[in-house]
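Everything on this sheet refers to the single structure shown next.
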Amino acid sequence: MNTATCNFLIAMYGGFDEAKYKRDFREGFFGVEACMFPCEKDVDTLARHAREDGFVFGVHYPFVKKDTAYRDPFLLSLDAEERQESL
């Protein structure tokens, strides 16, 4: 496999983990997949690293963990109120 054409990402589940980031992330990686961050501070830390280190990040719902009745956002719901509430 030619790794020069691959877009490698590392997973960051449950918050920004500085030790995991330093251990796993390599120069040339595409970015980070993020999910279930406990607070906005961790989101800010990820965004800062992305800017400073020049990578992108993808998000799995929910980005910031919340107590909600919805497991996934209802982006395609015909009910606008339900769609907005799930977000």
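The values are calculated or read from the model by the stated rules, or taken from the named source; none is laboratory data. This is a predicted model, so every value here is computed, not measured. Cβ atoms come from the backbone with ideal geometry, glycine included; neighbour counts cover every protein chain shown.
Does the range 38-56 include one or more residues that are surrounded by 14 or more Cβ atoms within 10 Å (Cβ to Cβ), touching a His at 6+ places or on another chain (Cβ under 9 Å) and not polar (S, T, N, Q)? Yes, the range 38-56 contains a residue that is surrounded by 14 or more Cβ atoms within 10 Å (Cβ to Cβ), touching a His at 6+ places or on another chain (Cβ under 9 Å) and not polar (S, T, N, Q).
Considering every residue within the range 53-68, establish whether at least one is assigned to a helix (DSSP H, G or I) and at pLDDT 80 or above.
yes
Taking every residue in the range 1-15 that is at pLDDT 55 or above and pairing it with any residue that is among the β-branched types (Val, Ile, Thr) and not in a loop (DSSP other than H, G, I, E, B), at least 6 positions away or on another chain, the pairs with Cβ-Cβ distances below 7 Å are Leu9/Val32; Ile10/Val32; Met12/Val32.
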